[in-house]
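Asker: Here it is: the structure, laid out below.
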2 protein chains.
Amino acid sequence: MSLRHGLLDLLAGEPMSGYDLSRFFSVSMGNVWPAQHSQIYPELAKLTAEGLIAQTGEGPRGRKVYQTTEAGLAALRSWLRDSPPDYSIRQEAQLRVFCLWVLPPDEALAYLARDRAEYVRHLDLITATIAAVDWGENQVRRSSRLSIEFGRRFYTELIGWIDWAAEQIAAGALQPGGPVPGLTAGARLG
Amino acid sequence: MSLRHGLLDLLAGEPMSGYDLSRFFSVSMGNVWPAQHSQIYPELAKLTAEGLIAQTGEGPRGRKVYQTTEAGLAALRSWLRDSPPDYSIRQEAQLRVFCLWVLPPDEALAYLARDRAEYVRHLDLITATIAAVDWGENQVRRSSRLSIEFGRRFYTELIGWIDWAAEQIAAGALQPGGPVPGLTAGARLG
DNA sequence: TTCTAACATGTAGCTCTTGACATGTCAACG
DNA sequence: CGTTGACATGTCAAGAGCTACATGTTAGAA
């Protein structure tokens, strides 16, 4: 039930088409809740049927523009207020890291280097977006600025962690008899 | 296809039952890849049928203990080596934050305070685990120490971000005409 | 001895999500 | 005028994942 609320939020901010939504997702909410167009279009149909959004315009090539209704906004508020947040996180890339010990250390290091490059790309994209967008334009933008700041910090931290982990592995932390990670030089971190 | 590899990894480290796995998940891999027992048991059956794990023991109350086979370990390595990582992240709690602008500022602040408490609880649990476990015992443990360190940093950062966001909202960042988040006092942050 | 809580394994039905398929429009370029 | 690429909307089948249901065991406390 998360996708629908993401859509309600975006369409409450400004009218958009399914196509707009699926592209916009990839640079905003998509960072914490990915969605393909094949999921978005049927959801828009359902939301329309339930009266939570309404088609308020059309454009060339069959383009349909939707907007959140009062009922939709109420549903969004009630979701935030009345349903308990799901604090779980799903992140395959970090699951893989758990398994790195099955690779020889040099391969594990190469693996982390690839991850790092990916995260740097991501961070660069975020930094560019922060610089490019006028975040004062409306409430959704202001709210998004708070969220994207978390993205910036998250990827910065992730890169920092990889550098630390790579150091540990290079020092033999994954090999039996090597130094225990987090206990480098006999002193416990943090 | 991620759960099966998580299981292969854990069962390569030490023999465990489905019950052990479902509990262990909640304090290790479950932090990045949650799984219920209702998903684990059928997956164990499939993995057994495919020869990637094998039942190597039994215990009271119908307890079945499994272990990853050579074929399973090979499958795990090949997953790490040959399949492209999925770098996407799913995190409902942060999706909700995108929507906070639909609530009045005081309610948004209360909302973040609840999130913060949850994350502090989580961080405390991680800190306690780091202190309690002997991370040098085997390779899986050493590898896990790297992963849990990321968890520690992640939740620390998350709490720091909430404090920043709350400050912004308190200063009126979500209200039209208020200060634009990230541009506090006219100076752009980091 | 009886009760309770933790141990232990499973199944069934439903929703969510993905990847592939499918179709058509329009603008710009050569 | 034909081609290409972006725009634009959809469907469908298969698999992943969640909630609830279902069953039985064992240790320890009262």
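Asker: Evaluate the following for A:L3: is it more than 12 Å from DNA strand C (Cβ to nearest atom) and either closer than 30 Å to B:P34 by Cα or surrounded by fewer than 19 Cβ atoms within 10 Å (Cβ to Cβ) (or both)?
Answerer: Judged against the criteria, A:L3 is not a match.
Asker: Restricting attention to region A:134-156, and to residues there that are more than 7 Å from every other protein chain (Cβ to nearest Cβ) and acidic (D, E), which single residue is nearest to the chain's Cα centre (by Cα)?
Answerer: Taking the candidates together, the pick is A:D134.
Asker: Tell me, which helices (runs of 4 or more DSSP H) lie completely within region A:70-151 with 2 or more residues that are among the hydrophobic types (A, V, I, L, M, F, W, C) and open to solvent by 60 Å² or more (accessible area, probe 1.4 Å)?
Answerer: Once the helices (runs of 4 or more DSSP H) in region A:70-151 are filtered for at least 2 residues that are among the hydrophobic types (A, V, I, L, M, F, W, C) and open to solvent by 60 Å² or more (accessible area, probe 1.4 Å), what remains is A:105-132.
Asker: Quick check on my filter: what residues within region B:39-50 are open to solvent by 80 Å² or more (accessible area, probe 1.4 Å) and not in a loop (DSSP other than H, G, I, E, B)?
Answerer: Across region B:39-50, the qualifying residues are B:Q39, B:Y41, B:K46, B:A49.
Asker: Within region B:90-98, does at least one residue satisfy the condition of being small (G, A, S), within 8 Å of another protein chain (Cβ to nearest Cβ) and within 15 Å of DNA strand C (Cβ to nearest atom)?
Answerer: Among the residues of region B:90-98, at least one is small (G, A, S), within 8 Å of another protein chain (Cβ to nearest Cβ) and within 15 Å of DNA strand C (Cβ to nearest atom), which makes the answer yes.
Asker: Would you mind finding the one in A:Y66, A:Y19 that is within 13 Å of DNA strand D (Cβ to nearest atom), open to solvent by 70 Å² or more (accessible area, probe 1.4 Å) and either among the aromatic types (F, W, Y) or free of Cβ contacts under 8 Å to residues at least 24 places away in the same chain (or both)?
Answerer: Residue meeting the stated conditions: A:Y19.
Asker: Which one of A:L109, A:L11, A:L7 is in contact (Cβ under 8 Å) with a residue 24 or more places away in the chain and assigned by TED's automatic domain parsing to the domain that holds A:A128?
Answerer: Of the residues listed, the single one that is in contact (Cβ under 8 Å) with a residue 24 or more places away in the chain and assigned by TED's automatic domain parsing to the domain that holds A:A128 is A:L109.
Asker: What tally of residues in region A:10-28 results from selecting those that are part of a helix (DSSP H, G or I), more than 13 Å from every other protein chain (Cβ to nearest Cβ) and polar (S, T, N, Q)?
Answerer: 1
Asker: If you don't mind, another one. Output yes when any residue across region A:30-38 is under 14 Å from the mean Cα position of the chain (by Cα), more than 12 Å from DNA strand C (Cβ to nearest atom) and not assigned by TED's automatic domain parsing to the domain that holds A:F154, and no when none is.
Answerer: Yes, region A:30-38 contains at least one residue that is under 14 Å from the mean Cα position of the chain (by Cα), more than 12 Å from DNA strand C (Cβ to nearest atom) and not assigned by TED's automatic domain parsing to the domain that holds A:F154.
Asker: Right, another one. Considering only residues that are touching a residue at least 40 places away in the same chain (Cβ under 8 Å) and of a type in the set (F, W, Y), which ones fall in region A:69-91?
Answerer: A:W79, the sole residue that qualifies.
Asker: Would you tally the residues in region B:152-177 being open to solvent by less than 20 Å² (accessible area, probe 1.4 Å) and either touching a Pro at 6+ places or on another chain (Cβ under 6 Å) or modelled with pLDDT under 95 (or both)?
Answerer: Count: 5.
Asker: Quick check: is even one residue across region A:66-79 more than 7 Å from every other protein chain (Cβ to nearest Cβ), within 16 Å of DNA strand C (Cβ to nearest atom) and on the phi > 0 side of the Ramachandran plot?
Answerer: no
The values are calculated or read from the model by the stated rules, or taken from the named source; none is laboratory data. Just so it is clear, the structure is predicted and the values come from calculations on it, not from any experiment. Virtual Cβ from ideal backbone geometry, glycine too; neighbours counted across all protein chains shown. With ligands, DNA and RNA removed, areas are computed over all heavy atoms of the protein, side chains included. Shrake-Rupley method; radii C 1.70, N 1.55, O 1.52, S 1.80 Å.
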